[in-house]
1. Any idea how many residues of region 1-21 are surrounded by 12 or more Cβ atoms within 10 Å (Cβ to Cβ) and not in a loop (DSSP other than H, G, I, E, B)?
2. Would you check which residues across region 1-19 are under 16 Å from the mean Cα position of the chain (by Cα) and hydrophobic (A, V, I, L, M, F, W, C) and list them?
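FYI, it's all coordinate maths here, none of it is from the lab. Everything quoted here is computed from the prediction, not taken from an experiment. Here the Cβ positions follow ideal geometry from the backbone for every residue, glycine too, while neighbour counts run over all protein chains shown.
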Amino acid sequence: METHLVYSGFYYNHYDDQLISFIINGMKKYDIKSLMLSIIFMNYKGKITKEEMKKFGKGIHSRKVSVNDDLESFFEDLRLGQNPKGSALTYFLPYKKEEKRKLVVREKIDPTYEKILDDLKMMRPELRYPKMKPPEEEFLEGWCQRRTFLIVE
């Protein structure tokens, strides 16, 4: 079984060398020969119109894969013992209102996957855009970058 580390923070997103150095030191300490690392970084891009939001659903936008679809295939690959795709640039379209957010919650969801989504706070746009217009008039767009690679000591 291979060790896999998922980092979903902001600081090391721009300092890969420092993160990898830190991880290699830990690998030496615990005698780990190789480790798969996934770095996930999410951010809100800004407000979009309802028409722009519909382009994502129709596959007209440049980013055709959603964060949810990418992470589901990522975890499925890991579960099956396959190497996940090396990188992905994806989108997410969060809801602002609580009743809308409840619509996207699934009944049967992997607890690990749910914890990562919660940690990323991808469904909390009201914290960044508190004076937003009602959701019928304006929506939010976010993007996510995931990079996965092998580190060998």
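1. We begin by selecting, within region 1-21, every residue surrounded by 12 or more Cβ atoms within 10 Å (Cβ to Cβ); these are 2-9, 12-13, 16, 19-20.
Adding the requirement that they be not in a loop (DSSP other than H, G, I, E, B) leaves 3-7, 12-13, 16, 19-20.
Of the residues in region 1-21, 10 are surrounded by 12 or more Cβ atoms within 10 Å (Cβ to Cβ) and not in a loop (DSSP other than H, G, I, E, B).
2. If the condition is that a residue be under 16 Å from the mean Cα position of the chain (by Cα) and hydrophobic (A, V, I, L, M, F, W, C), then LEU5, VAL6, PHE10 are the ones that fit.
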